[in-house]
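Colleague: Submitted below is the structure of interest, expressed as C-alpha cells.
Each reported figure results from applying straightforward, stated rules to the coordinates on display, with no laboratory input. What you see is a predicted model; the values in this text were computed from it and never measured. Here the Cβ positions follow ideal geometry from the backbone for every residue, glycine too, while neighbour counts run over all protein chains shown.
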C-alpha cells in the first residue's frame, strides 16, 4: 500500500500545539470528533482543545490523502489555491506557495502561507491558480452549495482542480456528482478515472482508495491504538483544463495474490472488470508491484 511521508516539521508543530493540554482532555476531544464524523455531522472545531485534537488525530490522515491524490498531477504547479483549508494541510502538500481560504479564523498557521478569511460558498474575488483544491470540505455543504463550490473552484483553476473526500459511500457520491458537473463544463479527467464515460460503480459499490499514514506517539496515545500506522480511505478526482491521456485502467481494490496468479479488479473504458495475471504474462512483474489505485495497462 502507498505510504505517505508525514513531514517531521509538521509533526513537531502539532506536538507543540497539543502540549498545552492533558492527554485525558485531548482524548475526550478526539472521541467527540470521531463521534461527529461517524454520525455524518461536521464536528465543532471551535476551541483550542478541539483544534489540538483535530491536528493530532486527523490532520496527518487528511494530509496523506491529499498527498496521494496530488501525486497524479502531470505537471509541477507554481501556484496553489486551497478552498476550505482548515489548518492549512494543503500548504504541506503543495510544492509551491499556497493560498488558503478558510471561514474559521481561529485556525493557527502551522506553515507559511497566504491566508484569506472567507466562506467557501461566498468567495471574494480571487486570482486564478495553477491548482485549486478542495479536500474534506464538500461533505460539509448542501447539494446546491457543493455545485456552486465546484463551479467556482473550476473557474479559478488555471490548469487543474483536485477534489478529495472521505472514502465512504457518501464521500464518493459527492465526487461522482462533481465529476458529472465538470465533464459538462469541458473538463478532462486525469485521475482516477481512465475514461470520461459513465461511472461503472453502481449499487453498493463505490470508488475509493487508501493511503498508509504513520501514527505519532501522541496519536496512538489519544486513539488507544497499538498499530504504528493507520490506513486512510479516500475518494478523489483530478480534472484538467487541457486534454490529457489518462492510463488505460485503474486498479480498484487490493490485488489478490496467489501462487502463480494475481487477480486485479480494474476500471477500464469498457467498465469495471477483473483482470488475471499469470506468471507467463509479460505484466507479471508489474502486477507484483501494483497497488490499490495504481494505473494499469492492457495485455499485449
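Colleague: Taking the simple approach of a point 7 Å from Cα along Cα-to-Cβ for both residue 291 and residue 20, what is their distance in nm?
Modeller: With each label point 7 Å from Cα toward Cβ, the separation is 3.6 nm.
Colleague: Right, another one. If contacts are Cα pairs under 8 angstrom and at least 6 residues apart, what is the relative contact order of the chain in percent?
Modeller: 17
Colleague: Related question: Tell me, in nm to one decimal, what length is gained between residue 198 and residue 259 on full extension, where the rule is 0.36 nm per residue of separation less the Cα-Cα distance? Intermediate results must be reported in sequence, preceding the final value.
Modeller: On the way: separation 61, 0.36 × 61 = 21.96 nm, distance 3.51 nm.
That pair, residue 198 and residue 259, stretches by 18.5 nm at full extension.
Colleague: Using a 10 angstrom cutoff on alpha carbons, build the Gaussian network for the chain and name the most mobile of 236, 54, 37.
Modeller: Result: 37 has the largest fluctuation of those listed.
Colleague: Where Rh denotes the Kirkwood radius from the mean inverse Cα pair distance, what is Rg over Rh for the chain?
Modeller: For the chain, the value is 0.97.
Colleague: Calculate how steeply helix 169-184 sits against the longest principal axis of the alpha-carbon atoms of the chain, using the helix alpha-carbon long axis, and give the answer as 0 to 90 degrees to the nearest 10.
Modeller: Roughly 70 degrees, rounded to the nearest 10.
Colleague: Tell me the label-point distance for the pair residue 280, residue 41, using the 7 Å Cα-to-Cβ offset, in nm and rounded to one decimal.
Modeller: Result: 6.1 nm between the two label points.
Colleague: I would also like to ask the following. Taking 0.36 nm per residue of sequence separation and subtracting the Cα-Cα distance, how much length would be gained by fully extending the chain between residue 169 and residue 147, in nm to one decimal?
Modeller: 6.1 nm
Colleague: Same structure again: Using only the alpha-carbon atoms, how far is helix 8-18 inclined from the longest principal axis of the chain? Give it as 0 to 90 degrees, nearest 10.
Modeller: Between the helix axis and the principal axis of the chain, the angle is about 40 degrees.
Colleague: Give me the one-decimal nm value for the distance between modelled label points at residue 78 and residue 243, 7 Å along each residue's Cα-to-Cβ direction.
Modeller: 2.5
Colleague: Out of 36, 85, 290, any idea which swings most in a Gaussian network model of the chain, alpha carbons joined below 10 Å?
Modeller: 36
Colleague: Please determine, in degrees from 0 to 90 and to the nearest 10, the orientation of helix 143-156 with respect to the longest principal axis defined by the Cα atoms of the chain, where the helix direction is its Cα long axis.
Modeller: 80
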